[in-house]
Amino acid sequence: MKTAESVTEGHPDKVCDQIADALLDEYLRRDPRSRVALEVFGSHGMLMVGGEVTSQGEVDIEALAKHVYKQIGYDDELEVFVNIELQSGDIAQGVDTGGAGDQGIMYGYASIETPSFMPAPIAHAHALSTSLADLRRHDPAFAWLRPDGKTQVTMDHGRVTTVVVSAQHAPDVAQEEIRAKITERVIAPVIGSLDGVEIHVNPTGRFVVGGFTADTGLTGRKLMVDTYGGIIPHGGGAFSGKDSTKVDRSAAYMARFAAKNLVAAGYAKKCMVSVAYAIGKADPVMLTARTEDGRDLSPLLLKYFDFRPQAIVERLDLRKPIFRASAAYGHFGREQFPWERLIELK
């Protein structure tokens with residue numbers, strides 16, 4: 001039995017991720033070689049942006065943060081605090097020569113169980129949360145939906161057993177209507193037959209207060225949502241707000257790229273790629289690929305994929321401003337990103 005969750009773009013942690021990646025994109029538009037490592041914290045009318053940036057470009061951080069917040073769907077005012085310095089010279093001297101921007105372990109995964117080569121529980125959970133957002137934005141019958149929300153899917157032997165949807169809503173809509181409409185228009189189209197499926201919609205009975213009014217948000221706090229739903233390990237490094245010299249992000253993308261292509265080429269039904277780095281060094285200190293039955297595909301990694309940081313940046317074209325779109329509904333399993341591209345292994 002496996003369970004995975006997703007959250008909507010209005011979840012406070014995801015608001016922070018999207019602001020961080022919108023800022024990253026804006027720096028990259030002005031200077032593709034910008035070094036960016038930003039953290040965003042939001043809480044009850046306040047937003048703080050902190051970190052390190054080295055760039056030839058200048059960005060109005062407060063204005064862009066507020067713009068993203070409004071785009072997501074919130075209309076309350078934010079007081080924005082900014083505390084940003086240059087990247088440490090001790091780190092820069094290793095990155096400048098092509099080395100990794102940090103030590104750490106990254107994982108990538110792919111499975112034949114869905115067309116996107118993602119684990120089914122997280123694929124379903126993302127489909128549910130994406131549907132909530134689409135209905136809120138485009139269907140007048142769902143004008144009562146608000147930006148915050150969560151979804152969760154439990155599966156046992158390939159069958160969905162439990163679905164949980166928590167959707168922020170206007171105060172004047174009845175829970176019976178919310179449950180009926182979400183079951184009909186969100187859950188059933190994604191899951192299919194609901195026979196024997198346990199369904200929980202807004203299990204507390206009310207979800208009017210959401211976003212930063214209800215809870216704090218922080219970049220990098222939804223790592224399982226961002227990746228594979230907890231189906232495989234995670235090295236602990238967050239993605240959003242970091243440029244691609246940070247292997248926390250770029251090597252995780254490369255590991256997914258390698259795993260997906262090995263599975264698509266028929267080398268495995270499920271594959272997990274693991275890679276680790278020492279700060280300032282280009283060559284990984286560990287690089288392995290394992291199948292679901294324990295077979296070692298590591299030689300294929302060495303044959304087809306270059307995991308040195310600069311090689312990753314060049315192969316996946318990671319100096320472009322493409323990252324805000326990745327900051328909600330998962331970094332993997334969506335064809336718009338270069339690390340999801342299928343190539344011929346020969």
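The values are calculated or read from the model by the stated rules, or taken from the named source; none is laboratory data. The structure presented is a predicted model; accordingly, all values stated were derived computationally and were not measured. When we count neighbours, we look across all protein chains shown, and the Cβ atoms used for this are built from the backbone with ideal geometry, even at glycine.
Things worth noting here:
- Scanning segment 108-138 for residues that are in contact with a strand residue (DSSP E or B) (Cβ under 6 Å, 6 or more places away or on another chain) and of a type in the set (S, T, N, Q) returns SER111, SER129.
- Test: ILE182 is surrounded by 22 or more Cβ atoms within 10 Å (Cβ to Cβ) and not assigned by TED's automatic domain parsing to the domain that holds SER274: yes
- Evaluated against (1) touching a residue at least 60 places away in the same chain (Cβ under 8 Å); (2) touching a helix residue (DSSP H, G or I) at 6+ places or on another chain (Cβ under 6 Å); (3) buried (at least 20 other Cβ atoms within 10 Å of the Cβ), VAL49 falls short on exactly one condition, (1).
- If only residues of segment 167-176 that are in contact (Cβ under 8 Å) with a residue 12 or more places away in the chain and of a type outside the set (A, V, I, L, M) are counted, the one that is surrounded by the fewest Cβ atoms within 10 Å (Cβ to Cβ) is ASP172.
Conditions (1) surrounded by fewer than 19 Cβ atoms within 10 Å (Cβ to Cβ); (2) closer than 26 Å to LYS346 by Cβ; (3) in contact with a Phe, Trp or Tyr (Cβ under 8 Å, 6 or more places away or on another chain); (4) of a type in the set (D, E, K, R), marked per residue:
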| site | (1), (2), (3), (4) |
| --- | --- |
| GLY266 | yes, yes, no, no |
| VAL273 | no, yes, yes, no |
| ILE279 | yes, no, no, no |
| VAL285 | yes, no, yes, no |
| THR288 | yes, yes, no, no |
| GLU292 | yes, yes, no, yes |
| LEU318 | no, yes, yes, no |
| ARG324 | no, no, no, yes |
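- Residues of segment 215-242 that turn out to be of a type in the set (A, V, I, L, M) and either in the same structural domain as LEU302 (by TED's automatic domain parsing) or part of a helix (DSSP H, G or I) (or both), as a count: 3
- Close pairs (9 angstrom Cβ cut-off, 6 or more residues apart or separate chains): at negative phi in segment 284-307, of a type in the set (Val, Ile, Thr) and assigned to a loop (DSSP other than H, G, I, E, B) anywhere: TYR304/ILE343
- Per this entry, VAL190 is counted among residues that are in contact (Cβ under 8 Å) with a residue 60 or more places away in the chain, of a type in the set (A, V, I, L, M, F, W, C) and more than 29 Å from LEU78 (Cβ to Cβ).
- Members of segment 246-266 that are farther than 24 Å from GLY220 by Cα and touching a residue at least 60 places away in the same chain (Cβ under 8 Å): ASN261, LEU262, VAL263, ALA264, ALA265
- Filtered residues of segment 46-73 (kept if small (Gly, Ala, Ser) and modelled with pLDDT of 95 or more): GLY50, GLY51, ALA63, ALA65, GLY73
- Test: residue in segment 152-159 that is without any contact (Cβ under 8 Å) to a residue 60 or more places away in the chain and either buried (at least 21 other Cβ atoms within 10 Å of the Cβ) or closer than 24 Å to ASP13 by Cβ (or both): no
- Unique residue being modelled with pLDDT of 95 or more, of a type in the set (Lys, Arg) and within 30 Å of PHE41 (Cβ to Cβ) when the list is ARG206, ARG290, ARG295, ARG249: ARG249
- For segment 210-222, the count of residues that are surrounded by fewer than 16 Cβ atoms within 10 Å (Cβ to Cβ) and small (Gly, Ala, Ser) is at least one.
- Wholly enclosed helices (runs of 4 or more DSSP H) of segment 89-184 bearing at least 2 residues at pLDDT below 95 and under 30 Å from LYS281 (Cα atoms): 89-95
- Among the numbered conditions (1) surrounded by 13 or more Cβ atoms within 10 Å (Cβ to Cβ); (2) out of contact with any helix residue (DSSP H, G or I) (no Cβ under 7 Å at 6 or more places or on another chain); (3) among the aliphatic types (A, V, I, L, M), the only one that LEU302 does not meet is (1).
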